[in-house]
2 protein chains.
Amino acid sequence: MDIAALRTAHPEHWSKATAIRALTLDAVAAANSGHSGMPMGMADVATVLFSNHLKFDASAPLWPDRDRFILSAGHGSMLLYSLLHLTGYEDFPIEEIRNFRQLGAKTAGHPENFLAHGIETTTGPLGQGIANAVGFAIAEEILRARFGKKLADHHTYVIAGDGCLMEGVSQEAISLAGRLELSQLVVFWDNNNITIDGTVDLADRTDQVARFKASGWDVQEIDGHDPVAIDAAIAKAKKGKRPQMIACKTHIALGHAAQDTSKGHGALTDKDQMQAAKEAYGWTTGPFEVPAEVKSAWEEVGRRGAEERFAWEGRLADVSDRKREEFERTMAGTAPKKLASVIRALKKQASEAGHSVATRKASEMVLEVVNPVLPETVGGSADLTGSNNTKTGDLGVFDTDNREGRFIHYGIREHGMAAAMNGMALHGGIRPYSGTFMCFTDYARPAMRLSALMQQPVVYVMTHDSIGLGEDGPTHQPVEHLAISRATPNTLVFRPADVVETAEAWEIALTQSGTPSVLSLTRQNTPAVRRDHKTRNLTEQGAYVLAEAGSKRQAILIATGSEVGIAMEARDMLEAEGIGTRVVSMPCMELFAAQDDAYRKRILPAGPVRVAVEAGVRMGWDRWLMGERGREAKAAFVGMSSFGASAPAEVLYDHFGITAEAVAAQAKALL
Amino acid sequence: MDIAALRTAHPEHWSKATAIRALTLDAVAAANSGHSGMPMGMADVATVLFSNHLKFDASAPLWPDRDRFILSAGHGSMLLYSLLHLTGYEDFPIEEIRNFRQLGAKTAGHPENFLAHGIETTTGPLGQGIANAVGFAIAEEILRARFGKKLADHHTYVIAGDGCLMEGVSQEAISLAGRLELSQLVVFWDNNNITIDGTVDLADRTDQVARFKASGWDVQEIDGHDPVAIDAAIAKAKKGKRPQMIACKTHIALGHAAQDTSKGHGALTDKDQMQAAKEAYGWTTGPFEVPAEVKSAWEEVGRRGAEERFAWEGRLADVSDRKREEFERTMAGTAPKKLASVIRALKKQASEAGHSVATRKASEMVLEVVNPVLPETVGGSADLTGSNNTKTGDLGVFDTDNREGRFIHYGIREHGMAAAMNGMALHGGIRPYSGTFMCFTDYARPAMRLSALMQQPVVYVMTHDSIGLGEDGPTHQPVEHLAISRATPNTLVFRPADVVETAEAWEIALTQSGTPSVLSLTRQNTPAVRRDHKTRNLTEQGAYVLAEAGSKRQAILIATGSEVGIAMEARDMLEAEGIGTRVVSMPCMELFAAQDDAYRKRILPAGPVRVAVEAGVRMGWDRWLMGERGREAKAAFVGMSSFGASAPAEVLYDHFGITAEAVAAQAKALL
């Protein structure tokens, strides 16, 4: 590249873009780790986007109608941090840039939404950002339809790299966005032809332009260092009727000795080479120093959207009080008061009726009463709508001709679905839930982990949660998946036993602000075990005494979901033999773990033998069986220790020995 | 569809294809579950493929040079079972068809490779089959290059549905196959426009033809019910120079009342409708009855390849003894004797030298001595070659101009990589291993589960296995991933402490025949803890006493990987205070669990307090801390209970309290 020509052609643009490059080089050198080349390569695109197009106000990072900027190529985090610093975001003074990648800094190795305002999503695991962006764009469409263009009308811009586009989840995102004609979604592809291992063609020769077109996108191809071309492409993209991809031919580590090489992808810390690059740029200030006029030009960019924001605030003030309050409640993610009352009414009705239904059906019963009073819920399924029971009567299908629809046919795209839900939750104004089979949490796993890390209250409706799925066999039968979900920090895993517990689990999930929930639900019917109506949400404590010992307590049986009924049967057998037996229902281990010692000891007192029963692996159970510090009780577990098999559900429960007889026998063996 | 016209146009073909449709209807009706429509829709394609092209001999299902047939749309399992029954596979008498989806049957809900010969891979989780197929095709290319066309020259045929093509993993598979120009791979797309929720365009409008072309495939579009067109397309595909996609326009549940509807996707069990369909087909025999002449025509198909097989066996007999023995050893997956000796030599050298290296580097040291003596290993990385240390000097890169290369640049495609490795292992003749960061086991998870279910000895080289990864931060730091891997049945999870343990872990992994291994390896250096050379592989017992208490045993510290050094330091502190402390290194929990009680009690005797230390979540540890049945010991755990953070590794270990001081303090608190 002829750096000199770039410098002279657009001097003001050049100095702004160079500020990004210089800060990147300085921060990576100080941290002695990170990725220099990507920010250096995409600085021009980002400079034009922020300077001329992105609707934002650095002083109001939470303005609901701002455009969203998503750095899917999250390793290039210094691009984002530089922009946030330069445009004047309060969370990003120069000290944060100096402190790049150090403990406690807002400038973590990869952008983390929960550390600072201005970071819309957490990226780094490749492909997630572009898939989140689909959710952001859906959320915007729905809010625009619901509240009108005056309150919601913004774009979602994404920078994606070659890595993002190689990850399978990108295909799920691209094809879903194309199908839904998300015209306010604009993806910049950083086409630098470099990955960690070498040039892209070592591993990939996909014609990305043709690929995006095949999924219904408009595509433009430009020189990613030409500010005029960049500007024109964005202007055109903003007017498109379909999702927009702008393929930007760039040079990674532009102007550095490592330009256009895989070395340029990583940390460029050689002092002489840094100095040489800065000289070529015409950048003469010291490390972390930005010339006053350049900083001032950038700060002007940071203020550019203030007027538009004031106008938006005026429009918000002008709408009816009712609409404004509803908009604000929705964006804040606060559940309406009515939620508690419809849940309570359903619990009362269900405890009286004593339905024996599958908990996936119970979940549908809950959604039927919840969705009408929570207009912010957006449901969906990965092509298992009838099986996941996630579509209620009033939702309508979100589609090109119905942007108010609240049910999304995600297609057979569990991973893209989960990542899109993350995007909706991050956008705000939407409370997303969606379903697939519990076993296919595997496919969604990278995005489910990010729900937890990003502190987003997404609800995963995972049905067919054990060998109770039956004939579809071991490929479809979760065995280790409860353990996997429970092993993940900041995740609530609910395995409710009947309609009442399912309603309680949903109530908790829908009132979370910073924690995702996994609802593990049965395919098969389960008996009603909560026949005695209690206003209080017993699931909130994670575990509680469902049935007390009829005589001196010698055994405690602990169970979840479809196995609570089995534990109750086993209790009958033991009591008939004079063995006093308590049954503890434990719909949520994480909530039980969060209770104080006194409560936990009250539910699981030391002494009586303990048998846990769950149609999954033992992992995760020992803590409740033996006590945190050991020595509390003799204990046994009845569950799975291998993959399942293909046969009717009842046959499998017998075959794998998950029966009341087995539970009772284990208890007796311990006594 | 005009069924009558189809019947009369090609009567012999029609009756063969109809046998598949009738058996499918009968088996699904008997099971009262399953998927009727897909086999009914693709019966014509399958009939032509098996009758005219597929190189196979039903009496020799393990013939190494057979063509591979992979039903990626695994829910249509009755298509495969019908074909295997009709052509005369020993494992598939009519009783198996009658017993569809019942306990103990070889005809599980979805095809399971480990139940019967003739099933090449386990499918059902969508997209896996097409991704496996890439591995099958790579294996064939490598074996052809290594042993010559006379011994290896076959095709891999795949039937994939709309669901397979919507899953992101299909994009990873397609783009990798296109890049590698796998010309002996032929994919039939069952273009029936139906998914469970409705027509495909509910969720997808991707132009699949354009999409495959964008990744370098040749594509043909045909009527999937026209046997002449099908035959011509396959003939043409076999001559192609690139991977081949044949888009087959089909009617799901052809000839049934549910044809072309999503109902047709599922179990069609209505008796009258079944009867009507059979009448339209001209099929007059009773349930599970195939007219003798039709069965005989199919059995002839099953014998069609016998001559070719005899010829192949003749060619194998003609090669040198050395080559034949090597071919047979390779296909059998038996490790050469030299493996043990190179491992032993490395262990001796390493225990003497006392290298303090990262275990990912230790793994490279092992591979440097192993790869030259195991020509069947095929390594790779998902674009982290230099970080995963999986490429040794002698491997060469597998590419279009080097089919003997044994290192694969999989690109940023962890899921596709894992699925391709499954395919290579299933094909036989290849022992695949490959790497990414441990945290990104999340992306590969659906295929890793299938390695375990399918009993394939794939080796996952997962580096950067804790917060020791440092500045890249929590998106890249595994916390729950050891628990996830350990929760999965039939998986060996190794977390070796130093070069010696790493060599032992590799030796075990490379001699497995039915179990995958996950090697969890550090980014950062670890001290040598095995300084005393032992010929015996101590890792084989899963855990062993690394250091005995210097005085009366009061505490046992248990650790893995990078934390073994910490445990040794803590022991020094405790011993200095007169507290006799044993250190147990536990590189593989699964192997320890497989030891007899006596051994386990010898290593972990009841009584002394126990402290485990591992830079991951506690889940999975309690069993070793408190004992299987509880009450064995007072215990504590030092590890992670949240996501990590972005900072240098040493800072993080201090910040999260994973230190020798903390371990010693926990032990003292329990005493």
### Task
Quickly run through region A:609-630 and pick out the residues that are open to solvent by 10 Å² or more (accessible area, probe 1.4 Å) and more than 12 Å from chain B (Cβ to nearest Cβ).
none
## Note on the structure
Over region B:546-572, the set of residues over 25 Å from B:Ala358 (Cβ atoms) and among the hydrophobic types (A, V, I, L, M, F, W, C) is B:Ala549, B:Ala555, B:Ile556
### Message
When you scan region A:564-582, do you find a residue that is open to solvent by less than 20 Å² (accessible area, probe 1.4 Å) and touching an Asp or Glu at 6+ places or on another chain (Cβ under 6 Å), even just one?
### Response
yes
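What helices (runs of 4 or more DSSP H) lie completely within region B:1-57 and have 1 or more residues being in contact (Cβ under 8 Å) with a residue 24 or more places away in the chain, charged (D, E, K, R) and within 25 Å of B:Ala237 (Cβ to Cβ)?
Working: elements: B:3-9, B:11-31, B:37-48.
Those helices (runs of 4 or more DSSP H) span B:11-31, B:37-48.
On the basis of being more than 12 Å from B:Ile142 (Cα to Cα) and open to solvent by less than 30 Å² (accessible area, probe 1.4 Å), does B:Gly405 make the cut?
Working: more than 12 Å from B:Ile142 (Cα to Cα): no; open to solvent by less than 30 Å² (accessible area, probe 1.4 Å): yes.
Judged against the criteria, B:Gly405 is not a match.
How many residues does region A:387-415 hold that are within 10 Å of another protein chain (Cβ to nearest Cβ) and assigned to a loop (DSSP other than H, G, I, E, B)?
As a first pass, look at region A:387-415 and keep what is within 10 Å of another protein chain (Cβ to nearest Cβ): A:387, A:391, A:397, A:399, A:408-415.
Next, from what is left, pick out any that are assigned to a loop (DSSP other than H, G, I, E, B): A:391, A:410-413.
Final tally of qualifying residues: 5.
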### Task
Could you list all residues from region A:108-144 that are surrounded by 24 or more Cβ atoms within 10 Å (Cβ to Cβ) and among the aromatic types (Phe, Trp, Tyr)?
A:Phe136
### Query
Of all residues in region B:475-508 being out of contact with any Gly (no Cβ under 8 Å at 6 or more places or on another chain), of a type in the set (Gly, Ala, Ser) and touching a residue at least 60 places away in the same chain (Cβ under 8 Å), which is farthest from B:Phe440 (Cα to Cα)?
B:Ala503
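Yes/no per residue for (1) in contact (Cβ under 8 Å) with a residue 24 or more places away in the chain; (2) of a type outside the set (Lys, Arg):
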| site | (1), (2) |
| --- | --- |
| B:Leu151 | yes, yes |
| B:Ser170 | yes, yes |
| B:Ser175 | yes, yes |
| B:Arg179 | yes, no |
| B:Asn193 | yes, yes |
| B:Asp201 | no, yes |
| B:Ala210 | no, yes |
| B:Gly216 | yes, yes |
| B:Gly224 | yes, yes |
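In this structure, is A:Ala418 over 20 Å from A:Thr511 (Cβ atoms) and either more than 9 Å from chain B (Cβ to nearest Cβ) or not in a helix (DSSP H, G or I) (or both)?
Values: over 20 Å from A:Thr511 (Cβ atoms): yes; either more than 9 Å from chain B (Cβ to nearest Cβ) or not in a helix (DSSP H, G or I) (or both): yes.
In short, yes.
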### Task
Would you check which residues across region A:325-340 are surrounded by fewer than 16 Cβ atoms within 10 Å (Cβ to Cβ) and farther than 21 Å from A:Leu519 by Cα and list them?
A:Glu325, A:Glu328, A:Arg329, A:Ala332, A:Pro336, A:Lys337, A:Lys338
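Hey, can you tell me all the residues within region A:421-448 that are assigned to a loop (DSSP other than H, G, I, E, B) and small (Gly, Ala, Ser)?
Looking only at region A:421-448, we keep the residues that are assigned to a loop (DSSP other than H, G, I, E, B), and these are A:428-430.
A:Gly428, A:Gly429, listed by residue number.
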## Note on the structure
If we take region A:127-242, then helices (runs of 4 or more DSSP H) inside it with 2 or more residues that are away from chain B (no Cβ under 14 Å) and within 28 Å of the chain's Cα centre (by Cα) are A:128-147, A:227-238
### Query
In this structure, is B:Arg322 open to solvent by 30 Å² or more (accessible area, probe 1.4 Å) and touching a strand residue (DSSP E or B) at 6+ places or on another chain (Cβ under 6 Å)?
no
#### Entry: Test result for B:Met38, out of contact with any Lys or Arg (no Cβ under 9 Å at 6 or more places or on another chain), modelled with pLDDT under 95 and of a type in the set (A, V, I, L, M)
no
## Note on the structure
Residue hits (region A:347-374; among the charged types (D, E, K, R) and either in contact with a helix residue (DSSP H, G or I) (Cβ under 6 Å, 6 or more places away or on another chain) or not in a helix (DSSP H, G or I) (or both)) are A:Lys347
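I'd like the full set of residues that are part of a helix (DSSP H, G or I), β-branched (Val, Ile, Thr) and either open to solvent by less than 20 Å² (accessible area, probe 1.4 Å) or more than 10 Å from chain A (Cβ to nearest Cβ) (or both), limited to region B:632-671. Steps first, answer last, please.
Filtering region B:632-671 down to residues part of a helix (DSSP H, G or I) leaves B:649-655, B:660-670.
Keeping just the survivors that are β-branched (Val, Ile, Thr) gives B:651, B:663.
Passing the criteria: only B:Val663.
Please verify whether B:Leu384 is touching a residue at least 12 places away in the same chain (Cβ under 8 Å), within 14 Å of chain A (Cβ to nearest Cβ) and crowded, with 20+ Cβ neighbours inside 10 Å, treating the condition exactly as stated. Before the answer, list the steps.
On the way: touching a residue at least 12 places away in the same chain (Cβ under 8 Å): yes; within 14 Å of chain A (Cβ to nearest Cβ): yes; crowded, with 20+ Cβ neighbours inside 10 Å: yes.
Considered against the rule, which asks whether it is touching a residue at least 12 places away in the same chain (Cβ under 8 Å), within 14 Å of chain A (Cβ to nearest Cβ) and crowded, with 20+ Cβ neighbours inside 10 Å, B:Leu384 comes out as yes.
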### Message
Quick check on my filter: what residues within region B:594-608 are assigned to a helix (DSSP H, G or I) and surrounded by fewer than 15 Cβ atoms within 10 Å (Cβ to Cβ)?
### Response
B:Asp597, B:Ala598, B:Lys601, B:Arg602
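The values are calculated or read from the model by the stated rules, or taken from the named source; none is laboratory data. Predicted, not measured: the structure shown is a model, and the values here were computed from it. Glycine also receives a Cβ, built like all others from the backbone with ideal geometry; neighbour counts cover every protein chain displayed. For the accessible areas, the whole protein counts, side chains as well, though only heavy atoms, and no ligand, DNA or RNA atoms are used. Shrake-Rupley method; radii C 1.70, N 1.55, O 1.52, S 1.80 Å.
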